[in-house]
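S.K.: My structure is below; once you've seen it, I'll send some questions.
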Amino acid sequence: MNNELFDRANERYRLRDYRGALMAFTECLQDTQYPLAPGEMGLLYHQIGNCLVKLKNPTEAIQAYSQATADTAYGALGTVECNLGMAYASLRDYENAIRYFEQSVQDQANPTPYKSYMGMGNALMKLGKSAEAGVAFREAALDESNPDPTKALLNLGVCFMALNRPADAVASYESAMQFDMLSSTRNKLQASLGQAYVACGQMEKAVHAFEEAIADKTYFLSDSASVDYQRAVGAVAQGTSESSQATQVLQLADMSGLDVAADGTSVYDEAVAYEGEAAEPFYYDEPYEADPTNFPGYVGAYENVDNDRFFTATDAELEQWSRGLAKQDRKRRNVGLKVLLFFVIVIVLAAAAGVFAYTQGFGYPTQDEVTKQLFADPSAAKETVFSSDLDEGKINAMLDPVVADGNVTIDGVNKSMSDSTVYATAATEGGGSVQYKISMVRDGIGWKVSNIELYFPSQS
C-alpha cells in the first residue's frame, strides 16, 4: 500500500476534509504500483465507509463496509459490522441493522461490543420488541468495556416499563444513578424514575424524582410524565403517598428512552446521523480500550443495589413477560376480528406489492442469478438460462466469446417489466477482464437470456 498517500488521507480525515479524504483513500485503493497486503483492502474500504458516513451518504457507506467485510484478513471486522448496523438503522432498515449488530457481537476480537448491543437494542425497540431489546441493553450495561452504562441502564428501564415490570425498571434507573452523566441525561433519568415510582405506588419518591428532573429548568416533562407528576403530587397531598395498588404503565409511561424516539422517527435521524458516542464510526488505529475503573463516578459492578433482578433475569423470562402482556392485551381488547381483518389487508397488500415488483422488473430467479449461472458454467447453462425462442446455432454463437468465471462481477442492471439488460465483467485465466452486455426477456416470473454481446463502455 502507498503509505505516504494513506497518511495524507488520514490527515485530511483528521482535518474533517472528508471529501478529500475519500478521494485519497480511493486513490490509495486503486494504486496498482503498490500492491495491497492482506487486510489492507478491508482497512481502506473501512475508511472509505467512514468518509461516506461523514458525508451523510449511508447507502454508499454500506457498499464500502460490505467490501471491507469481504477481506477476512482485516482485523477489525466486528467494528465494520457494527458500522453496517448503524448505516442500515439510519435508513430505517432495522431488520438488516439487527443482523449486522448480531454478527458484530459474535466477533471475539470486537473491542467494544457494548456499542453493537446498544444499536441492537435501539433497533429492536423501533420494531416494538421490548423483551429482546431489554436483553441487548442488559448486555451493553454489563459489558466491561462500557465506560458509561447509564444510557444502557436507562433504556433497559424503559424496556421493563413496556413489559409492565416497574419494580425492575426502578432497579435499573437507580443503578444508573451511580454514574456521572450529563445533566440532560440525568434529568431524563429522573423523570423516567418518577414514572416508575408512580407505577409502583411510591408517590412520595415519585414527586422527589420529578422535581429533581425539572430543578434546573432546562428539562420539560413529557405529557405522560406530567400526568404522573400531578397524580403523585395529589396522592402526597391527600396523605396516600404509598399506594398499595400499582398503576398501569403500558398506556401512560414515556417509552422513548435515549436515542429512541417515541414518534416513529429514525433511531439515527439524518440530521444527526452518526453523531454521538454510540453511532460514531470507529477508527482502525484507535480501538476503544477505556478502563471503566477510570471513569468518574465508577463504584464497581453495580454495588449497593438492593434489587438487581434485572441482571439475573433470563432471556426466556423477559420473553415470557412480553408474551404474557401481549396475551392480556388481546383479551382486553377482543381483537379476534381485528386480527382476521389485519390478515386480509396483509394478503391484499402482498398481492399489490407482487404486482408492483413485477412491473418494476423484479422476479425469480433474478437477473443477477441468471447471469452468475451463465458464467459459472456456460456449456451447462445452454440448457437452462436461454430463451426458448433461440435456436441452438444462435446460442452457440453467443456463447463463443463468453469466459467462464465463477465470480463474475455484476456492474449494473437496467430493469423493466418485460426486458432487462445486465452489464457484467468476467475475469480471464490470464488475469485480464472482459465486459459483456446481456439482454434478458421475461419468462414467467423469472428471466431468460435473449442476447449476449461484448460491451465497451467508451462506446456507450
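S.K.: If I ignore ligands, DNA and RNA and count only protein heavy atoms, how much of GLU132 is accessible to a 1.4 Å probe, in Å² to the nearest 10?
M.R.: Its heavy atoms expose roughly 70 Å² to the probe.
S.K.: Shape of the stretch 99-159 from its Cα gyration tensor (a ≥ b ≥ c, root eigenvalues): rounded if a/c is under 1.5, otherwise prolate when a/b > b/c, or oblate? If you can, show how the numbers build up before the last one.
M.R.: On the way: a/c = 2.50, a/b = 1.23, b/c = 2.03.
It comes out oblate by the Cα gyration axes.
S.K.: I would also like to ask the following. Show which lysines lie in cross-link reach of LYS448 when reach means a straight Cα distance below 16 angstrom and same-chain residues fewer than eight apart are skipped.
M.R.: Within the straight-line limit of under 16 Å, LYS448 reaches these lysines: LYS372, LYS382, LYS394, LYS415, LYS437.
S.K.: For the stretch 222-227, what does the Karplus curve 6.51 cos²θ - 1.76 cosθ + 1.60, with θ = phi - 60°, yield as ³J(HN,Hα) per residue in whole Hz, taken in order and with x for Gly and Pro?
M.R.: Running phi through 6.51 cos²θ - 1.76 cosθ + 1.60 with θ = phi - 60° gives 5, 4, 5, 5, 4, 4 Hz.
The values are calculated or read from the model by the stated rules, or taken from the named source; none is laboratory data. This is a predicted model, so every value here is computed, not measured. Surface accessibility is based on the protein's heavy atoms, side chains included, excluding ligands, DNA and RNA. Shrake-Rupley method; radii C 1.70, N 1.55, O 1.52, S 1.80 Å.
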